[in-house]
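*Asks:* I'd like to ask some things about the structure below.
Nothing in this text is a laboratory measurement; each read-out follows from the coordinates by a stated rule. None of the values given here were measured: they were computed from a predicted structure. As a convention, Cβ positions derive from the backbone with ideal geometry for all residues, glycine included, and neighbour counts pool all protein chains shown.
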Ligand SMILES: [Zn+2]
């Protein structure tokens, strides 16, 4: 299977990890989360896999997932994450981090949510919000993912 992310040698951004994002990384609105769906048991897995973590089958399709989902549960991240993230840490603004159930029978993924701790709730509809999270050793933007409340414009504004 060919690479779905921009390969080294291009000037554009790169994915935070191979096999987890798909689409044109220079157009955040076109980026989707990538993964695998097991043909044997049907489970969806975030990130392209060679073997199912549920039933061990090696019969997997590589797929992209819906850009929308629902907050399953959440917590508040009150401390800045360690490098390589280059988030503004002084002062650090507490933010929600949530388990998101992706629409269309996608996987449950963990992600920061672009809203205040007061504005998140279980069952809230969210949409994918990809943006450059930091730079790699070559100075390229590294695309990371998060979610924002459905209908917000987030980093795409
Ligand atoms: Zn399976």
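*Asks:* Could you give the length gained on full extension between residue 18 and residue 53, defined as 0.36 nm per residue of separation minus the Cα-Cα distance, in nm? Intermediate results must be reported in sequence, preceding the final value.
*Replies:* Working: separation 35, 0.36 × 35 = 12.60 nm, distance 1.82 nm.
Extra length available between residue 18 and residue 53 comes to 10.8 nm.
*Asks:* Same structure, new question: For segment 13-81, what is the largest minus smallest coordinate of the Cα atoms on each principal axis, given in angstrom and ordered from greatest to least?
*Replies:* 38, 30, 21
*Asks:* How big, on average over all directions, is the shadow cast by the Cα convex hull of segment 14-151, in nm²?
*Replies:* Values: hull surface 36.0 nm².
Quarter of the Cα hull surface area: 9.0 nm².
*Asks:* Using label points projected 7 Å from each Cα along Cα→Cβ, tell me how many nm separate residue 116 and residue 136, to one decimal.
*Replies:* Going from the residue 116 label point to the residue 136 one covers 3.8 nm.
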